[in-house]
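What follows is calculated from the coordinates using simple rules that are stated; it is not laboratory data. Source: prediction; values computed, not measured.
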Amino acid sequence: MTFGAVVLMPGPSSILGSVWGGGATVTIALLLAVFSFGYRSDLSPVLDRILSMLPITFVYITLTGVGVVFQADATAWTRTNWLYVVTGFVSMSLAHWGQWFINDLTDMDTDQFSNADRPLSQGTLSERQALVAGITLMTFGTLFGGVVRLEAAVAIFAWVGVAMVYTLPPLRLKDGAYSGMICFGLLGTVAILFGSLLISETPTQQVWLLVAVLLVVIPLNSSYQDLPDEEGDAKAGIDNFVVRYGSDRISRFLAVSFPLSFAATAAVFGWYLALPAFALLGLAVTYLLMTWDGGDEIDPQVSSVIGLFFVLLAVSEFLW
């Protein structure tokens, strides 16, 4: 990792990169020892929980990749850029998994109603294990970003900060309809900035334009994640739009907002040849919502399509 830091941080920042990379290597080794010590018991509940996160993790790593592509579009693409992408994917994945364990800890009371199948709710994962996993994975994620560039570590740390404000009391912004939507927008756009800062110290104008667009698109469509939890969230007293207006009404709204917002995004950037592809992805979400029978599968299904939407963003920026 020290070698990676020296190569990826040329010029005057090479010394800082060497120190940061070396420190990160030692710290990761120590944390790995602590992590292993804390998990001498069965690891399967931890791994099972991570596996269930993969669809939404796919969304955030694609956002990171989008940030890399939009930033690198201003310069020549090299093999080093692929290293940025891989490092960013690992960093974001670890940070995302870690914040979910903390989220599960703070949701233990409400999960009795809405997510009784989670390891903490079932008792197969202890609170201590969840806490150790959360802190360790988030720390790993921040350090992996820092191995490439200190600014990237700051960005992924900011992403974790938004996730904690969303999850932890006393703020716990996830319990508010509008505050929860805003947090989803910030999580998505900070992930883009993280990818951008893996490439350069200053995001390009194109990156900032994408951030502005997605600060509208992501919150507008974020309520799909609450659809399976309507009954449990209502019992737990959580205020969101699904609880306020009902899953049927929100499903119909999202069935329209997804294709329109996807197509509008392509139009903003002038990708008119790609408009049919963007509209088709939006209509795929419409199909999923209109055929949804109330099961939990709607969340990972829609998340997977959203991830493909972000992949299409990167491909369109690269081509046009």
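Over all projection directions, the Cα-based convex hull of region 101-182 averages an area of 6.1 nm².
Mind pulling up the Rg/Rh value for region 239-320? Radius of gyration and Kirkwood radius, both on Cα. It would help to have the intermediate numbers written out before the result.
On the way: Rg = 13.8 Å, Rh = 13.4 Å.
My calculation puts Rg/Rh at 1.03.
Rg to Rh for region 135-193: what is it, with Cα atoms only and Rh by Kirkwood?
On the way: Rg = 12.2 Å, Rh = 11.8 Å.
Answer for region 135-193: 1.03.
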